[in-house]
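Colleague: Pasting a structure here, questions to come.
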Amino acid sequence: MPEAFEPKIVAFFCNWCTYLAADLAGTSRIKYAPNARVVRVMCSGRVDPQFVMDAFAKGADGVLIGGCHPGDCHYQEGNYKALRRVELLKRLLRQMGVEEERFRLEWISAAEGERVKIVIDDMVEKLRALGPRVPARRQEVA
Amino acid sequence: MKPKVAFYWCASCGGCEEAVVDLDEEILNVVNAVDIVFWPVALDFKRRDVEAMPDGSILASFINGAIRNSEQREMAETLRAKSQVVVAFGSCAQLGGIPGLANLFDAKEILQEVYGDGVRPQMVHRENGHSLSLPEFFDTVLALDRVIGVDYYLPGCPPTPKIIAGALHALLGADLPPKGAVLAPDHALCEQCPRKDTRPEKLVLKEFKRPHQMIADQQTCLLAQGLACLGPGTRAGCEALCPQGNMPCTGCFGPTSRVRDFGAKALSAIASVIDGNTEAEIARALDAVPDPAGTFYRYSLPSSLLGRRRMG
Amino acid sequence: MPGVALAREYKYMCSDPGQELIRQDIRDHGLDRIVVAACSPHLHEKTFRHAVAEAGLNPYYFHMVNLREHDSWVHADKPAAAAKAMDLIRAAVRRVRWHVPLERRQAPIHANALVVGGGIAGIDAALTLASAGKHVYLVEREPTIGGHMAQFDKTFPTLDCAACILTPKMTAVKSNPNITLWSYSEVRRVEGYVGNYDVEIRRKPRYIIEDLCVGCLECIQACVFKQAKVPDEFNLGLGKRKPVYIPFPQAVPQLVVIDPETCIEFKSGKCKKTCVEVCAERNAIDFKQKEKIENIRVGTIILATGFETFDPVRVPYYGYGLYPNVYTSLEVERLVNASGPTGGEIVLRDGRKPATVGIVHCVGSRDVNTNRYCSRVCCMYSLKLAHLIKEKTGAEVIEFYIDMRAPGKAFEEFYNRVAEEGVSFVRGKVADIYPAGNGDGRLILQAEDTLLGMVRKIPVDMVVLSVGLEPRPDANDVRRLFNIGCSGDGFFLERHPKLAPVSTFADGIFVAGCCQGPKDIPDTVAQSGAAAAQALALIDAGVIELEPNTAYVTEDACCGCKTCIPLCPYSAISFLEEKKARINEVLCKGCGTCVAACPSGSIRQNLFEDQQIFEEIGGILTYA
């Protein structure tokens, strides 16, 4: 029997909200799907769209950006910058054949350990339903 | 004996060939200095002539155009073997170029669009015991360095005479640039743009405009007028030809050496200046960017990190 | 794994022997990069960087992998968790190769401190800082300091008179030359960073010239209002005041306030101004007074903005506001207080003395419909009020509780004492309060007595709702002003619940008292002392080392497109005459937004270089 498909998610979490929320989920021993790997950045505003493209190019099944809630950014408005880029990037990814379930921006505050679980479990479930993703690069001939 | 030089075109519009001719009197110097051994658009050499040359006998091959079929790949490979130096000439060879936008589709979709349900080209044609075959049409357009090693890149759609002359000068001179170099300045175009000083320090935009929707002021920064000018992210070298013609930069010189994915980075910069903090405000601002791939990857889709739209 | 020269497993790597192991290995094996895969970097990144530095290596040749909080503690599937651990470690190993030596920046700490909130927490913190010789600005929103504690009658479990222990501290604030007290004032803007916060404070007009008023209160006597008619905020509307008033007799500062909403001069401009007449000699009344803006620079800030009591209107079945004899506990504090609106007489609104009093616990606490948390003080203050009511009126007092929580010094003993005094207890949550059918004006408290296993309906004359403690309604605005977080319940978030309980995620900003969560006076004072000590430690160190994760412009590469300039919330990016951007390292807080935006890739960020992040992504996605 073939092994069930397990998606891999690259998660960019901001240092002050979502990374801490994931820490809180840890100290609270909340159990969630082991599919996401966190890359810590100081602010969701640091997430360069190139990082998202690179993750998809290297075979990530999903990319998740976690930042502070609107108005709560540790750096005042970095999360708004992230939102602007994400909105435009979503449109570009749609053209590139990347399903919208694969790319998410979520606001998760430092107090919302439970939400880390909800978001990651939900995303994993949706990615499982989509099935494995062959990166476009590997579809080239040459 | 004069050094031997070859020119070849793959998937391209011919503009790069024009650009060589545009060298004007300079071309006479080139012709004096080198021996052009292959240039299908201008001189009558055949493929078999090149194949007959010893490996490494050509000093430099200037290949323009992207690779989108098997013949182009074969020719690129042949020229690579025969040449000491291969120069990717122009945006298509360097980045994939305009033909690279075909990567938003695959071969089947493109053939369907062009031929519909009518007659399709036959891959092999037999006549009187002879057979002619068409090259394989790839799903994916590739930049030149995806199929052969490339020593230098000459950016531009097409490269400007000044850039070409500079490259020739460098190649024929004693001090060769480091391998892999892009033969244009490694900073962005604003540096050369006459409108540079008119950009406000704190520019934010509630909406963008498309060039056909307005008559842009001749002096003011085009981005400040709401046009998605990609000059801030595009390598300099053209001396802001398009902004000088009152049109925004569309990015043909590609990224600087510090950027891996031209489109993603340009997108980031453009999105960052949107004046809006909600999805609705941002969506409104983005109304004038209906085709992000065509806007940000106009010349660079095949060399982007994703390379193409995912098939299947 | 490529690049790994030595891998070690040790159970307590953060312990001294663990750190020594790292130092020894660096020396013995000439290691030039260190990765520790253990807990969250928020806990021990500093520890390990320090250990690395002690071995003579630059501390930033280190990277930490979070295998505990982000992996082993949250995943039940062990093989999957192990695979994730490998990915994360591979990412760190690839990343750390690209680390470069960095220097920590130092910022001087301004010696002044700001304390926001003049309740017992703020008062105590301010006095502690002032006694250490630091200058303190104490900003209080109300006309007087004292906060909620000033409204209490006695304090549990010792039954000290609240005013007797609080007012000496209030006057000490006023008389301390190291404290600048700005009451009736609010912080409007905060900028800067640890050690150098620039704060703008708005001082509301009280229409009294502070330097001239001596607090004789004769203007109040002389006011054209012969009778006090305005509901008195300090007494929660149970008493009345005049348009010119002082909140309570021991208010600090001893300055009157004129309320422009009710003062006739403000409303019609045709008042006889008897107050001005009586103050003719000092001439301290100024109807034209405008708000005043003060700008100060401080090194540290203590937030002690307190709480709000739960508004029981939100639990309509308790009938607060509908039945006059349903009171909140805070109202009853004022009723039992000798200086309160009834002079300490516990009487109902119709003047009757209650014969039976029901006290309802957990109103707005421990309830999924309001607040899930326990407000921590209600059980004990309910016992205190039961004692005081019984003592003053001899009434029968019945407490309706869910659990009796008395976990403090001498708390359980106090509970026993009150029980022995004859107060009755019903273990059950009150489900409904309604008037008795016989029209005698009594109220029926209906509750399931979970000890007897039956529903009881008990008639009482007076109901006291033991309301819980909530964050201030503007807590969100305040925390945004100071750039700190808040926990799920809305109270300010501490940096670590156990090990940094008064610090916040904004360096140099500390929290004390109920703004961080419900607590009683002893805990509040302990916390304000801790906050003051933390602030003092910073001030006395004189400098603070800052993370070097700032962004910087590669000026040779910058084309001067100015994309970055509007993105910086701290105005740290300036445009030079030579038409390049430059980042002021002192102002940069290291978010990296400009780095992500720079279209030509000419802005970089220490510790978060593009290359380092690409390597992490690559490490995660390298399929073994």
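Colleague: Taking square-rooted eigenvalues a ≥ b ≥ c of the alpha carbon gyration tensor, is chain B rounded, prolate or oblate, where a/c under 1.5 means rounded and, failing that, a/b exceeding b/c means prolate? Let's see the in-between values first.
Modeller: Details: a/c = 2.37, a/b = 1.38, b/c = 1.72.
Here chain B falls in the oblate category.
Colleague: Another question, if that's okay. List the lysines whose Cα sits under 18 Å from the Cα of B:Lys4, skipping any in the same chain fewer than 8 residues away.
Modeller: B:Lys46, B:Lys82
Colleague: Take a quick pass over the range C:309-469 and tell me how many lysine pairs come in under 23 angstrom between Cα atoms, counting only ones 8 or more apart or on separate chains.
Modeller: Close lysine pairs under the 23 Å cut-off: 10.
Colleague: Counting heavy atoms of the protein chains only and a 1.4 Å probe, report the per residue accessible area for chain C as a whole number of Å².
Modeller: Here the residues of chain C average 42 Å² of exposed surface.
Colleague: Would you mind telling me the share, in percent, of accessible area of the protein assembly as shown contributed by carbon and sulfur at probe 1.4 angstrom?
Modeller: C and S fraction of accessible area: 52 percent.
Colleague: Take peptides C:357-366, C:316-325, B:20-29 and line them up by average Cβ neighbours within 10 Å, highest first, as a rough protection proxy.
Modeller: C:357-366, C:316-325, B:20-29
Colleague: For chain A, what number of Lys pairs, 8 or more residues apart or on separate chains, have alpha-carbon atoms under 23 Å from each other?
Modeller: Count of close lysine pairs: 12.
Colleague: Tell me, how many Å apart are the Cα centres for the range C:250-306 and for the range C:460-520?
Modeller: About 29 Å separates the Cα centre of the range C:250-306 from the one of the range C:460-520.
Colleague: First measure r as the distance between the Cβ atoms of C:Asp211 and C:Ala500, then evaluate 1/(1 + (r/R0)^6) with R0 = 60 Å and state the FRET efficiency to the nearest 0.05.
Modeller: Step by step, r from the Cβ atoms, then E = 0.90.
Colleague: So what are the three principal axis dimensions of the range C:309-469 from its Cα atoms, in whole Å, longest to shortest?
Modeller: Largest first, the range C:309-469 extends 37, 32, 29 Å along its Cα principal axes.
Colleague: Another question about this same structure. Which of the peptides C:556-562, A:77-83, C:98-104 is most tightly packed, and how do the rest follow, going by the mean number of other Cβ atoms within 10 Å of each residue?
Modeller: Descending mean neighbour count gives A:77-83, C:556-562, C:98-104.
Colleague: Further question on the same structure: Given H placed 1.01 Å from N in the peptide plane, which residues other than close sequence neighbours of C:Phe510 have an amide H under 5 Å from its amide H?
Modeller: C:Ile301, C:Ile302, C:Leu303
Colleague: Moving on to the next point. Looking only at chain C, where both bridge partners belong to it, what percent of the DSSP beta bridges are antiparallel (to the nearest 5)?
Modeller: Counting only bridges with both partners in chain C, antiparallel ones make up about 55 percent.
Colleague: A further question follows. Other chains near C:604-610: what is the mean number of their Cβ atoms within 10 Å of each residue's Cβ?
Modeller: Counting Cβ atoms of other protein chains within 10 Å of each residue's Cβ and averaging gives 3.
Colleague: Additional query: With labels modelled as points extended 7 Å from the Cα through the Cβ direction, what inter-label distance (nm, one decimal) is found for C:Ala228 paired with B:Leu43?
Modeller: The two pseudo-label positions are separated by 10.7 nm.
Colleague: Enter the mean number of other protein chain beta carbons within 10 Å of the beta carbon of each residue in B:252-258, as an integer.
Modeller: Partner Cβ neighbours, averaged per residue: 3.
Colleague: A further question follows. With contacts defined as alpha carbon pairs under 8 Å and 6 or more residues apart, what's the relative contact order of chain B in percent? Let's see the in-between values first.
Modeller: Working: 600 pairs, mean separation 56.5, N = 312.
In percent, rounded to a whole number, it is 18.
Colleague: How big is the Rg/Rh ratio for the range B:1-122, C-alpha atoms only, Rh by Kirkwood, two decimals? Mind dumping the intermediate values first?
Modeller: Values: Rg = 16.4 Å, Rh = 15.8 Å.
Rg divided by Rh gives 1.04.
Colleague: Among C:Val460, C:Ile359, A:Trp16, whose Cα projects farthest towards the positive end of the dipole of the protein assembly as shown, with charges put on the beta-carbon of Lys, Arg (+1) and Asp, Glu (-1)?
Modeller: C:Val460
Colleague: Which order do the peptides C:534-541, C:136-143, B:106-113 take when ranked by the mean count of other beta-carbon atoms within 10 Å per residue, highest first?
Modeller: Averaged packing, sorted descending, gives the order C:136-143, C:534-541, B:106-113.
Colleague: How much space per residue, in cubic angstrom, does the convex hull of the C-alpha atoms of the protein assembly as shown take up?
Modeller: 252 Å³
Colleague: Also: What whole-number distance in Å separates the alpha-carbon centres of the range B:191-216 and the range C:87-145?
Modeller: Rounded to whole Å, the Cα centres lie 42 Å apart.
Colleague: Relative contact order for the range C:560-624: what is it in percent, counting Cα pairs under 8 Å that are at least 6 residues apart?
Modeller: RCO, the range C:560-624: 24 percent.
Colleague: With the other protein chains left in place, how much accessible area per residue, in square angstrom, belongs to the range B:47-158 at a 1.4 angstrom probe?
Modeller: Accessible area per residue: 46 Å².
Colleague: ³J(HN,Hα) across the range C:143-160 via Karplus (A = 6.51, B = -1.76, C = 1.60, θ = phi - 60°), whole Hz, x for Gly/Pro?
Modeller: x, 10, 7, x, x, 5, 4, 5, 8, 6, 8, 10, 10, 7, x, 8, 6, 5
Colleague: Explain nothing, just the number: relative contact order of chain A, from Cα pairs under 8 Å at least 6 residues apart, as a whole percent.
Modeller: It rounds to 35 percent for chain A.
Colleague: Also, I was wondering about something else. Based on alpha-carbon centroids, what's the gap between the range C:601-620 and the range B:5-55 in Å, whole number please?
Modeller: Value for the Cα centre distance between the two parts: 42 Å.
Colleague: Here is a follow-up. Report the percentage of all Cα-Cα pairs in the range C:528-624 whose separation exceeds 22 Å, rounded to a whole percent.
Modeller: 45 percent
Colleague: Continuing with the same structure: Can you pull the percent of Cα pairs in chain C with separation above 42 Å?
Modeller: Details: 79297 of 194376 pairs.
The proportion of pairs with Cα distances above 42 Å equals 41 percent.
Colleague: If you take the charge dipole of the protein assembly as shown about its Cα centre, with +1 on Lys and Arg Cβ and -1 on Asp and Glu Cβ, which of C:Gln527, A:Val63, C:Tyr10 is farthest toward its positive end?
Modeller: Positive-most Cα among the choices belongs to C:Gln527.
Colleague: Which whole number gives the average, over all residues in C:478-484, of C-beta atoms from other chains lying within 10 Å of the residue C-beta? Mind showing how you got there, number by number?
Modeller: Values: counts 0, 1, 4, 0, 0, 6, 3.
The shielding value for this peptide is 2.
Colleague: First measure r as the distance between the Cβ atoms of C:Glu585 and B:Ala181, then evaluate 1/(1 + (r/R0)^6) with R0 = 30 Å and state the FRET efficiency to the nearest 0.05.
Modeller: The pair C:Glu585/B:Ala181 has a calculated efficiency of 0.40.
Colleague: Quick one: Kirkwood hydrodynamic radius for the range A:9-139, alpha-carbon pairs, angstrom, one decimal? Show your work: numbers first, answer last.
Modeller: Numbers: mean 1/r = 0.0681 Å⁻¹.
Across the range A:9-139, the inverse of the average 1/r is 14.7 Å.
Colleague: If you project the alpha carbons of the range B:180-265 onto the principal axes, what extent comes out on each, in Å, largest first?
Modeller: Its Cα atoms span 40, 26, 24 Å along the three principal axes.
Colleague: Could you report the buried accessible area between C and B, both sides summed, computed with a 1.4 Å probe and given in Å² to the nearest 100?
Modeller: So the total buried area for this chain pair works out to about 2100 Å².
Colleague: Using a ≥ b ≥ c from the Cα gyration tensor of the range C:119-239 (square roots of the eigenvalues), is it rounded, prolate or oblate, where a/c under 1.5 gives rounded and otherwise the larger of a/b and b/c decides, a/b for prolate?
Modeller: oblate
Colleague: Let me ask something additional. Note the buried accessible area between A and B here, summed over both chains, with a 1.4 Å probe, in Å² to the nearest 100.
Modeller: 3500 Å²
Colleague: With a cap of 13 neighbouring Cβ atoms within 10 Å, and only residues DSSP puts in a loop, list the GluC sites (Glu not before Pro) found in the range C:402-472.
Modeller: Within the range C:402-472, the qualifying GluC sites (Glu not before Pro) (loop, at most 13 other Cβ atoms within 10 Å) are C:Glu421.
Colleague: Here's another thing I want to ask about it. Within straight cross-link reach of C:Lys272, meaning Cα distance under 26 Å, which lysines are found once same-chain residues fewer than 8 apart are removed?
Modeller: The qualifying lysines are C:Lys204, C:Lys226, C:Lys229, C:Lys240, C:Lys242, C:Lys288, C:Lys290.
Colleague: Estimate for me the total accessible surface buried between chains C and A (protein heavy atoms, probe 1.4 Å, no ligands or nucleic acids), in Å² to the nearest 100.
Modeller: Accessible area lost upon association: around 4400 Å².
Colleague: Pick out, from C:Ser503, B:Cys242, B:Cys157, the residue whose Cα sits farthest towards the positive end of the charge dipole of the protein assembly as shown, with +1 on the Cβ of Lys and Arg and -1 on the Cβ of Asp and Glu.
Modeller: The Cα lying farthest towards the positive end belongs to C:Ser503.
Colleague: In terms of solvent-accessible area of protein heavy atoms at a 1.4 angstrom probe, what is the ranking of B:Lys206, A:Lys90, highest value first?
Modeller: B:Lys206, A:Lys90
Colleague: If you don't mind, there's one more thing I want to ask. Counting only heavy atoms of protein chains, what accessible area per residue, in Å², does the range B:189-303 have with a probe of 1.4 Å?
Modeller: 38 Å²
Colleague: Would you compute the Debye intensity of the range A:59-132 from its alpha-carbon atoms alone, equal scatterers and no solvent, and pass along log10 I(q)/I(0) at q = 0.13 Å⁻¹ to two decimals?
Modeller: -0.43
The values are calculated or read from the model by the stated rules, or taken from the named source; none is laboratory data. Fair warning: this is a prediction, and the values are worked out from it, not measured in the lab. Cβ atoms come from the backbone with ideal geometry, glycine included; neighbour counts cover every protein chain shown. Calculation scope for accessible area: heavy atoms of the full protein, side chains included, ligands and nucleic acids excluded. Shrake-Rupley method; radii C 1.70, N 1.55, O 1.52, S 1.80 Å.
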